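The values are calculated or read from the model by the stated rules, or taken from the named source; none is laboratory data. Since the model is a prediction, treat every value here as computed from it, not as a measurement. Using ideal geometry, Cβ is built from the backbone for each residue, glycine included, and neighbour counts are taken over all protein chains shown. Please note that ligands, DNA and RNA were not included when accessible areas were found on the heavy atoms of the full protein model with its side chains. Shrake-Rupley method; radii C 1.70, N 1.55, O 1.52, S 1.80 Å.
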Amino acid sequence: MLLAPSTLVFVALVIVAGYIVFGVTGFGASPITIPLLVHVLPLTFVLPLAAILDFGSALALGFHTRRQAHGRELLTLVPFTLVGLALGVTLLVSLPRGATVLALGLFVCAYALYVVLRRDTTRRLSRRWAAAAGSVGGVLGALFGMGGPPYVMYIAGRIPDPAAQRATISQMVILNVGLRVVAFTLAGLLASRPLWIGVALLLPVAWLGVWAGHHVHVRMAPATTVRVIGGMLLLSGVTLLLRTF
């Protein structure tokens with residue numbers, strides 16, 4: 001797969017921007033990188049690439065926050081995530097590209113509006129919601145490379161402490177993306193030389209973004225972070241929807 005120099009620069013800038021967000025929040029690279037990268041790369045190439053970059057970046061960030069994570073919440077989500085991943089991979093290899101891109105655009109727009117409009121609440125979610133969060137997160141992770149939103153909604157509703165939330169979300173990203181990489185391997189989506197060349201070139205770029213985002217995290221107000229992320233997500237989703245018309 002040969003890319004023009006301008007395309008390579010665009011891909012690198014998208015990766016840096018996405019992983020700055022990842023460093024700030026502990027999740028959220030894929031909802032920014034994938035909708036933009038599918039404009040210039042095939043979806044079946046972008047999803048495994050994003051999964052490997054997410055996994056490497058989550059390991060780097062999650063290692064430092066692992067002691068604050070809530071292990072019981074993670075274990076509750078895992079079996080439902082496995083079910084969702086199996087279904088998502090099946091749909092990925094069978095759905096037509098146009099329908100997949102349209103669904104991805106709608107999902108990104110909906111999640112962007114949720115991020116911007118949601119209100120804090122003191123009510124704690126029931127652990128029964130783990131079934132929905134895990135299975136939906138697994139499907140979205142395999143199908144769109146963006147399984148984070150359901151997990152974030154569940155973990156934020158279960159864990160009141162912001163530091164513990166971020167740590168638990170980071171560990172869930174490691175588990176979810178690790179399982180996704182295994183699922184993609186079994187489906188034959190990682191057997192690509194260009195993919196691994198892309199990983200070798202872009203993983204250092206992603207780590208640079210995570211490093212920058214971690215430093216931004218200690219300076220940026222949470223409300224400002226939410227608005228920036230929501231605006232970028234909405235723009236990405238709208239551009240995807242325009243591609244389908």
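Taking 0.36 nm per residue of separation and subtracting the current Cα-Cα distance, fully stretching the chain between residue 8 and residue 78 would add 21.6 nm. To put it simply, the accessible area of segment 145-218 at a 1.4 Å probe is 75 percent carbon and sulfur.
Between residue 95 and residue 126, the contour length at 0.36 nm per residue exceeds the Cα-Cα span by 7.8 nm. Charges were assigned to the Cβ only: +1 to each Lys and Arg, -1 to each Asp and Glu. The resulting dipole of the chain about its Cα centre is roughly 520 debye. Taking 0.36 nm per residue of sequence separation and removing the Cα-Cα distance, the residue 102/residue 182 pair yields an extension gain of 26.2 nm. 3J(HN,Hα) couplings calculated from phi for segment 47-63 with the Karplus curve 6.51 cos²θ - 1.76 cosθ + 1.60 (θ = phi - 60°) are, in sequence order, 4, x, 4, 4, 5, 5, 5, 4, 5, x, 6, 5, 4, 5, 7, x, 4 Hz; Gly and Pro show x.
By the helix-only formula, in which each DSSP H run with n ≥ 4 contributes -39500 (n - 2.57) and the sum is divided by residues, the chain has a 222 nm mean residue ellipticity of -27000 deg cm²/dmol. Compute the FRET efficiency between residue 118 and residue 193 as 1/(1 + (r/R0)^6), taking r as their Cβ-Cβ distance and R0 = 51 Å, and round to the nearest 0.05. That gives a FRET efficiency of 0.75.
If you roll a 1.4 Å probe over segment 39-122 with all protein chains in place, what percent of the accessible area is carbon or sulfur?
Solvent-exposed carbon and sulfur of segment 39-122 make up 68 percent of the total.
Can you tell me the accessible area per residue over the chain, all protein chains present, probe 1.4 angstrom, in square angstrom? Walk me through the numbers on the way to the answer.
Details: 11820 Å² over 245 residues.
Value returned for the chain: 48 Å² of accessible area per residue.
I'd like the orientation of helix 148-158 relative to the chain: the angle between its Cα long axis and the longest Cα principal axis, in ° from 0 to 90, rounded to 10. Approximately 0 degrees, to the nearest 10.
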